[in-house]
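Data block below; observations after.
Derivation of every value follows stated rules applied to the coordinates shown; laboratory data play no part. Since the structure is predicted, the reported quantities are computational estimates derived from the model, not experimental observations. Please note: Cβ atoms are built from the backbone with ideal geometry, for glycine as well, and neighbour counts cover all protein chains shown.
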Amino acid sequence: MKIRAVEFIKSAVKPAHYPEYDFPEIAFAGRSNVGKSSLINTLINRKDMVKTSSRPGCTQLINFFLVSGDMPQGDAPQEELSLVDLPGYGYAKVSKKIRAQWQPMVETYVGTRNNLLGLILLMDIRRDPGKEELDMVRWLESKQMPCLLVLTKADKLSKTKQLKQLDAACTAFNRDRNGIVLFSAKTRQGRQTIWDEIHNLIDWYQEEE
Ligand SMILES: Nc1nc2c(ncn2[C@@H]2O[C@H](COP(=O)(O)OP(=O)(O)OP(=O)(O)O)[C@@H](O)[C@H]2O)c(=O)[nH]1
Ligand SMILES: [Mg+2]
């Protein structure tokens, strides 16, 4: 997608506050500090459109961004795409109250957002997938919600170790290598693959309409 403009629309906690548009939407989920905001910035070629932080727990609301640009193919030359930065989970230092809010907030979002095409679930390549991720993928599968898995911060490992972690994740999630993307916000490795997957979801959504 050739990006023309990106706009921060709003932050929301509950459905009444979500933007009312029904543009195709993709949401990014994952543990705190895994690199969700950085991945979105890399996709949209912005340095800090989405606030990033070395301090985990930076994003605690559902943040909506609207991207307009040109799709690689298709009839309509200009298209809108909504990108959603979900709050991170699993960070012990955020208060108990915030942690207790996280799960219902995300479950309600996924369960009620009709224009949501799929989730992109990020995991740090240096960690083995945890129970949270395995549960989340299983839950999304039960809802028939597409979920792309991304191993972030790939630049932190050698190529050999990247592939070793990729294979471990493939085994854990029972996917082949095409189902999991190696990504780095630093080197931009994997950026195009993620865009290709997003375009596939959009094409599929438009055919359904
Ligand atoms: N080396 C490296 N560092 C990264 C990469 N992606 C993110 N980081 C760093 O990891 C830290 C967290 O990144 P964020 O993008 O803010 O992570 P987040 O998942 O949005 O975090 P929360 O909003 O707290 O849930 C920052 O210091 C980033 O610079 C990457 O691909 N490579
Ligand atoms: Mg963030």
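Alpha carbon centre of segment 133-209 versus segment 21-43: separation in Å?
Here the two parts' Cα centres lie 13 Å apart.
In a shell of Cβ-Cβ distance under 13 Å around R138, excluding R138 itself, what net charge do Lys and Arg (+1) and Asp and Glu (-1) give?
That sum, taken over residues with Cβ under 13 Å, equals -1.
Once R0 is set to 25 Å, what does the formula 1/(1 + (r/R0)^6) return for the Cβ-Cβ distance between K159 and D196, expressed as a FRET efficiency to the nearest 0.05?
Result of the calculation: an efficiency of 0.75.
Please state the shape class of the chain: rounded when a/c is under 1.5, otherwise prolate if a/b exceeds b/c and oblate if not, all from the C-alpha gyration tensor.
Verdict is rounded for the chain.
Pick out the long, greasy-scoring helices in the chain: whole DSSP H runs spanning 15 Å or more along their own axis by Cα, mean Kyte-Doolittle at least -0.5.
159-173
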